[in-house]
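Structure first, then comments.
The values are calculated or read from the model by the stated rules, or taken from the named source; none is laboratory data. None of the values given here were measured: they were computed from a predicted structure. Here the Cβ positions follow ideal geometry from the backbone for every residue, glycine too, while neighbour counts run over all protein chains shown.
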Amino acid sequence: MSTPLADVSVEASGCTRCPLAASRTQVVFGMGDPSADLMFVGEGPGAEEDRLGLPFVGRSGQLLDRLVLEEMGRRRDDGVYIANVVKCRPPANRDPKPEEVAACRPWLEAQLDLVDPKVIVTLGNFASRLLLDTTVGITRLRVRTYPYRGRVLVPTLHPAAVLRGGGGPMAQVRADLVRAKLALAGDPPLATRP
């Protein structure tokens, strides 16, 4: 039996709203529990994600899985949904262009509405800035928890930044995941908008 989220995924699989469609192998829509209370939103698929059609399956994804298990006691199939701002891989893993982000935004909005998570963890600058509608960088955003459409949003560093940065970024992401776990458990103090 089809679900509304599965229907949107099928519709997105043929998307040609922006030039990224020309260079992708396939759309990387999202994966996980369609009624998850925890949703991760990253920037966009990399080469391995484009090849497999699943988000966060490369080295960054393996690190994210490990940290979520260690800090939150969850696995991908345990109340977690993972998506990206853009659903197609930008060539050479470049940053998504504003028009590409704008073209993909309706797909992300549909995912947010249909999954309806209690807590959203944004991974890196693009997702954090987009959902918080700000130009403030992730380094300043990540130390707080924000209200977002009746939900809680917890910004953190992208796992790729942790792979490049070592112990400091690793500790920061761990702290942010603990913040997200607390948000799932109750009513955390929320910052004013950035």
Quick check on the range 156-178. Is at least one of its residues modelled with pLDDT of 95 or more, in contact with a strand residue (DSSP E or B) (Cβ under 9 Å, 6 or more places away or on another chain) and charged (D, E, K, R)? yes
Please specify each residue of the range 23-43 satisfying the condition of being of a type in the set (Val, Ile, Thr) and assigned to a loop (DSSP other than H, G, I, E, B). Thr25, Val27, Val28
Can you confirm whether Asn84 is touching a residue at least 40 places away in the same chain (Cβ under 8 Å), within 26 Å of Thr3 (Cβ to Cβ) and not small (Gly, Ala, Ser)? yes
Suppose we filter Leu141, Leu108, Leu123 for residues that are at pLDDT 95 or above, within 16 Å of the chain's Cα centre (by Cα), buried (at least 18 other Cβ atoms within 10 Å of the Cβ) and over 20 Å from Met31 (Cβ atoms); which single one remains? Leu141
Is at least one residue of the range 75-84 modelled with pLDDT of 95 or more, over 14 Å from the mean Cα position of the chain (by Cα) and not acidic (Asp, Glu)? no
Number of the exception - Arg66 against (1) surrounded by 13 or more Cβ atoms within 10 Å (Cβ to Cβ); (2) without any contact (Cβ under 8 Å) to a residue 12 or more places away in the chain: (1)
Looking only at the range 1-35, and only at residues there that are more than 25 Å from Asp116 (Cβ to Cβ) and not small (Gly, Ala, Ser), the one that is surrounded by the most Cβ atoms within 10 Å (Cβ to Cβ): Leu20
The lone condition Arg174 fails out of (1) loosely packed, with under 14 Cβ neighbours inside 10 Å; (2) more than 28 Å from Cys15 (Cα to Cα); (3) charged (D, E, K, R) is (1)
Enumeration of residues in the range 149-168 that are under 23 Å from Pro55 (Cα atoms) and surrounded by fewer than 18 Cβ atoms within 10 Å (Cβ to Cβ): Arg151, Leu163, Arg164, Gly165, Gly166
Among what's in the range 37-56 and is under 13 Å from the mean Cα position of the chain (by Cα) and of a type in the set (A, V, I, L, M), pick the residue that is surrounded by the fewest Cβ atoms within 10 Å (Cβ to Cβ). Leu54
Considering only residues that are among the aliphatic types (A, V, I, L, M), within 21 Å of Phe56 (Cα to Cα) and within 16 Å of the chain's Cα centre (by Cα), which ones fall in the range 144-181? Leu153, Val154, Leu157, Ala160, Ala161, Val162, Val173, Leu177, Ala180
